[in-house]
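> Next up is a structure, given as structure tokens.
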Amino acid sequence: MASSSKTLGATLTAASPATAADAAGRAPVRSLSGLLPFLRPYRGRIALAGLFLLMAALSTLVVPLALRSLIDQGFVAADPGERVMALREHFLALFGVGAALGLFSALRFYMVSWLGERVTADLRNAVYAHVLRQSPAFFETTQTGEVLSRLTTDTTLVQAVVGSSLSLGLRNTVMGLGAMVMLVITNPTVMTQVLGILVLVVLPSVYVGRRVRRLSRASQDRVADSSAIAAEVLNAIPVVQSYTQEQREADRFARSTENAFDTARRRTRVRAHLVGFIITATFGALLWGLYQGTEAVVRGDISAGHLGQTVVYVILLVGSVAVLSEVYGDLLRAAGATERLMELLASRSPVAEPAAPLALPAAAGGSALQLERVHFHYPSRPERAALEQVSFTVRPGETVALVGPSGAGKSTVFQLLLRFYDTQQGSVTLDGVPVQQLGLAELRERIGIVPQDSTIFSTDAMENIRYGRPQASDAEVIAAAKAAFAHDFITALPQGYATFLGERGVRLSGGQRQRIAIARAILKNPPLLLLDEATSALDAQSERMVQAALEAAMTGRTTLVIAHRLATVQRADRILVLDQGRIVEEGNHADLVARGGLYARLAQMQFEVEAPQR
């Protein structure tokens, strides 16, 4: 099913942008039409579910006819024995109708429940896969909690509609229409009056329904706000507790949930008025028809069995309208949830795959890099350039360090190399090929990175390192861990490499997490290695060990190093000094110190700080 989910997601995202723009003005059915690409692969099962639904509805509509036959014909025979036999036959017929109703209802329930679970799973997979392919620009404006809310709460509402409410709505629509047709056939004059009254009921219901849908969308948005707060705070729980802000954060979350409750309360109140109005008005209209039918029996125009049939059809029609009013409210809520999901799927990453990606040449001794007159600003900060007219070349196998104060643009260079963003001006090339003409997977396969903040996944140590190359053997993983000087502390863990490291690696120290990340990059064995403060979390002894491991890992490949600790970059072939998005100095450590520029001042400040520690 994974491949079908990808196809569904691709189909939907191709069709979504135009439809997402006018989501706020849609009718519920039109909003729910966004689910059609997810339903289309299961047309056969939908047809079976529709058949079982129709058979169950028809079985229900047969009950009044069997009841009329029982009343009018079961008591006709004068002989008591014949009367008993006639009654027995009619009751057996009623039981047969009930058995058919039970069978078809069970089959319908299974089919629609299966569809609800399957479509919801496909929808979650498509949304999650789509979000994973968004560039970092997407997450600059979208909170993680918001995405999680749409993946859970919104898809649960969709599941309730596809797997239950929609089926109930269709079944009761068939039964209601069937009962109405039978009533019109048996009492055309009276039921024509009743139908006129029902039209007057529907018109205000449609108007109120639009308000319910708007409130449903707002309610989902408020729930998402609460989820975003919770996700943010729980990911920063040590900071919250160290600053004793537990009560403040609990109050902030409580205010958010109260806002969600108030919105839900308004939605529920409007929906309750809608349901009450529909049921009361419909019941009153049908009672009028029933009263007219009773008078017809008194006049002798129809039989008692005919009246019994009419009563049951009236009950079916009233019951159907009552269920449909509830289903309509569910559809309105699901319409709001579907709009939110479709908007998420309609989002487009500014970093797109090229239509005809070029192939990279072999990089035996490392990759060659070139940045030429690069100008870039982050989408969320368009008024300030992160890089301005930056140009430099890195030869295969060369180690180049990027140095400068915070905010100088060093990490931005890494982001552009990985093509998390595209430049506004200038070009970035890898092995002579512009990165914008490379497939994202091929580009990133050539690059290994050790970030400043090491990411540890909620799994064991073996799998965390193997993340760098999923097909690697256990022996290769252990070899990478040894090269990163991580083997000793991993084997000292309770279950060694099989030890669960906890969420975000909470069971490890900062230095241990960093060495896991270094082992992951070593295992990947890329021709281009990016080190972003790779030894920042290590003590002096660990730094010396890992520095030796990194130097071995850098052999035979191109390496870019970002470091504030200048001892890390002294062995680099070249040092590029950045300040306010521009390259202001270039050379080796000794030359740059001798010039007395920015690099020399940074070195002097650092050595003054480190001197007392010695």
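> What is the magnitude of the charge dipole of the stretch 350-470 about its Cα centre, with +1 placed on the Cβ of each Lys and Arg, -1 on the Cβ of each Asp and Glu, and no other charges, expressed in debye to the nearest 20? Provide the component values of the computation, followed by the final result.
On the way: 10 positive and 12 negative charges, 31 e Å.
In debye, rounded to 20, the stretch 350-470 gives about 140.
> Measuring from label point to label point, each 7 Å out along Cα→Cβ, what is the GLN247 to VAL584 span in nm?
4.7
> How much accessible area per residue does the stretch 298-398 have, in Å², with a 1.4 Å probe? Provide the component values of the computation, followed by the final result.
Numbers: 4390 Å² over 101 residues.
I get 43 Å² per residue for the stretch 298-398.
> So how do TYR328, TYR378 rank on accessible area, 1.4 Å probe, biggest first, that is with the largest at the start?
On the way: TYR328 60, TYR378 25 Å².
If we order TYR328, TYR378 from most to least accessible, we get TYR328, TYR378.
> How much space per residue, in cubic angstrom, does the convex hull of the C-alpha atoms of the stretch 389-516 take up?
Values: hull volume 18.7 nm³, N = 128.
Convex hull of Cα atoms, per residue: 146 Å³.
> For LEU36 and ALA106, what does the FRET efficiency come to when R0 = 30 Å and r is the distance between their Cβ atoms, rounded to the nearest 0.05? Write out the running numbers ahead of the final one.
On the way: r = 27 Å, r/R0 = 0.91.
Result of the calculation: an efficiency of 0.65.
> With the crude spin-label approximation of a point 7 Å out along Cα→Cβ, what separation in nm comes out for SER391 versus ILE185?
Placing both labels 7 Å along Cα→Cβ, they lie 8.7 nm apart.
> How much solvent-accessible surface does THR244 expose, in Å² to the nearest 10, with a 1.4 Å probe and all protein chains in place?
Rounded to the nearest 10, the figure is 100 Å².
> Using a 1.4 angstrom probe with every protein chain in place, what is the largest-first accessible-area order of GLU258, GLU533?
On the way: GLU258 100, GLU533 15 Å².
The residues order as GLU258, GLU533, largest area first.
> Can you check what the net charge comes to around GLU232, using other residues whose Cβ is under 12 Å from the Cβ of GLU232 (Lys, Arg +1; Asp, Glu -1)? The partial results should precede the final answer.
Numbers: positive: ARG252; negative: GLU146, ASP225, GLU249.
For residues surrounding GLU232, the net value is -2.
> Which length gain, in nm to one decimal place, applies between LEU58 and LYS482 when the Cα-Cα distance is subtracted from 0.36 nm times their residue separation? Kindly include the intermediate steps, with their values, before the conclusion.
Details: separation 424, 0.36 × 424 = 152.64 nm, distance 7.18 nm.
Residue separation times 0.36 nm, minus the Cα-Cα distance, leaves 145.5 nm.
> Quick one: dipole size for the stretch 348-394, taken about the Cα centre, charges +1 on Lys/Arg Cβ and -1 on Asp/Glu Cβ, in debye to the nearest 20.
Numbers: 4 positive and 4 negative charges, 23 e Å.
In total the dipole reaches around 120 debye.
> How much of the accessible area of the stretch 333-433, probe 1.4 Å, is carbon plus sulfur, in whole percent? Walk me through the numbers before you get to the answer.
Values: 2060 of 4000 Å².
The C+S portion of the solvent-accessible surface of the stretch 333-433 is 52 percent.
> Taking the Cα-to-Cβ direction at SER406 and at SER113 and moving 7 Å from each Cα, how far apart do the two end points lie in nm?
So the two model labels end up 5.6 nm from each other.
> For the full complex of protein chains and a 1.4 angstrom probe, list TRP114, TRP288 by accessible area with the highest value first.
If we order TRP114, TRP288 from most to least accessible, we get TRP288, TRP114.
> Then there's this: Find which of SER303, GLY404, ALA335 sits farthest along the positive direction of the dipole of the stretch 289-410, computed with +1 on the beta-carbon of Lys and Arg, -1 on that of Asp and Glu, about the Cα centre.
The residue sitting most towards the positive pole is GLY404.
> I've got another one for you. Which value, in debye to the nearest 20, gives the size of the charge dipole of the stretch 412-500 about its Cα centre, when Lys and Arg are +1 and Asp and Glu are -1 at the Cβ?
Details: 6 positive and 10 negative charges, 25 e Å.
My answer is approximately 120 debye.
> Tell me the net charge near ALA480. Cut-off is 10 Å between Cβ atoms, ALA480 excluded, with +1 for each Lys or Arg and -1 for each Asp or Glu.
Details: positive: ARG466, ARG469, LYS482, ARG520, LYS524; negative: GLU476.
With Lys, Arg at +1 and Asp, Glu at -1, the net is +4.
> With a Förster radius of 45 Å, plug the Cβ-Cβ distance of GLU353 and TYR291 into 1/(1 + (r/R0)^6) and report the FRET value to the nearest 0.05. Don't skip to the answer; put the middle values down first.
Values: r = 69 Å, r/R0 = 1.53.
Using R0 = 45 Å, I get an efficiency of 0.05.
The values are calculated or read from the model by the stated rules, or taken from the named source; none is laboratory data. Here the structure is a predicted model, which is why all the values come from computation and not from measurement. Virtual Cβ from ideal backbone geometry, glycine too; neighbours counted across all protein chains shown. SASA here: full protein model, heavy atoms, side chains in, ligands and nucleic acids out. Shrake-Rupley method; radii C 1.70, N 1.55, O 1.52, S 1.80 Å.
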